Amino acid sequence: MKACHTADMGDTHSTGEPTLEEQIAAYQREFQDLDPQVEKIVSALSRLNRRMNVAYGRQTADLGISNAEWEVLKALVLSGAPYRMGPSDLAKRLGLTPAAMTHRIDRMVTEGLVTRERDESNRVRVIVELTPEGREKWLGAMRLASVFEEDLLQDLSSVERGVLGEVLTRLLRRVEDAQPDAGGRLSDLD
């Protein structure tokens, strides 16, 4: 049975961060036009995203890969069998510069997660392909993430999960429509 965490989701004093309520009160004090309902939703999503990324990072580290490497493995799996893409396609999908993508691929080739070879039909083109070890790392990460995600959503009914999924998808579409170029990163940090 999974552990149930009953602490108030807004209570983050243990991290030194103000609770959502304290944050909103401070914002309202400084910016009276703030809609507290909107701010609570946006701040909760932001905090949830940050904490989920930390949790996923710990899980991938336990598997011996970084979040950055996980993203490449995921992109290759999403491309479908035979799990191959060009470095420029990978860079575009991940929002990276070609130089950052090359650095990441170099590291992953050394670790045996991917191969990089010339395309036989076009010797100028390079192909990055997922190795069996890379696929196993991806599967391991998926197994760990699945347990974490089920635990995260354990208090939501199937109907609530469906509604939440639909609402978040609508919000995502709105942001994607307004900022279609915002899928990548602001800078290459790895």
Pairs only if they're at least six apart or on different chains, beta carbon under 8 angstrom, first in region 162-183 and farther than 27 Å from Asp89 by Cα, second outside any helix (DSSP H, G or I); list them, first residue then second. Leu164/Leu156
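Residue-by-condition table, conditions (1) under 19 Å from the mean Cα position of the chain (by Cα); (2) closer than 23 Å to Val128 by Cβ:
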{"site": "Glu39", "(1), (2)": "no, no"}
{"site": "Val42", "(1), (2)": "yes, no"}
{"site": "Asn53", "(1), (2)": "yes, no"}
{"site": "Tyr56", "(1), (2)": "yes, yes"}
{"site": "Ile65", "(1), (2)": "yes, yes"}
{"site": "Trp70", "(1), (2)": "yes, yes"}
{"site": "Leu90", "(1), (2)": "yes, yes"}
{"site": "Leu96", "(1), (2)": "yes, yes"}
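For Leu130, indicate whether it is at pLDDT 90 or above, buried (at least 16 other Cβ atoms within 10 Å of the Cβ) and under 13 Å from Ala68 (Cβ atoms). I'd like the intermediate steps shown before the answer.
Numbers: at pLDDT 90 or above: yes; buried (at least 16 other Cβ atoms within 10 Å of the Cβ): yes; under 13 Å from Ala68 (Cβ atoms): no.
No: the conditions fail for Leu130.
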Tally, over region 60-93, of residues that are surrounded by fewer than 19 Cβ atoms within 10 Å (Cβ to Cβ) and farther than 23 Å from Asp181 by Cβ: 10
Among the residues of region 25-73, what is the count of those that are out of contact with any Gly (no Cβ under 7 Å at 6 or more places or on another chain) and closer than 14 Å to Glu111 by Cβ? 9
If I filter region 107-134 down to residues being of a type in the set (Gly, Ala, Ser) and over 21 Å from the mean Cα position of the chain (by Cα), which single residue comes out as farthest from Asp89 (Cα to Cα)? Gly112
If I go through region 115-146 residue by residue, how many of them are in contact with a Ser or Thr (Cβ under 7 Å, 6 or more places away or on another chain) and more than 17 Å from Lys74 (Cα to Cα)? 0
Please state which one of Arg104, Arg29, Arg118, Arg50 is in a helix (DSSP H, G or I), free of Cβ contacts under 8 Å to residues at least 24 places away in the same chain and more than 22 Å from Leu171 (Cβ to Cβ). Arg29
Could you list, in sequence order, the residues of region 136-170 that are more than 18 Å from the chain's Cα centre (by Cα) and either within 25 Å of Pro82 (Cβ to Cβ) or part of a loop (DSSP other than H, G, I, E, B) (or both)? Glu136, Gln154, Asp155, Leu156, Ser157
In this structure, is Ala61 outside any helix (DSSP H, G or I), within 29 Å of Glu150 (Cα to Cα) and aliphatic (A, V, I, L, M)? no
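The values are calculated or read from the model by the stated rules, or taken from the named source; none is laboratory data. In this text, all values refer to a predicted model and were calculated from it rather than measured experimentally. Note that each Cβ is placed from the backbone with ideal geometry, even for glycine, and that neighbours are counted across all protein chains shown.
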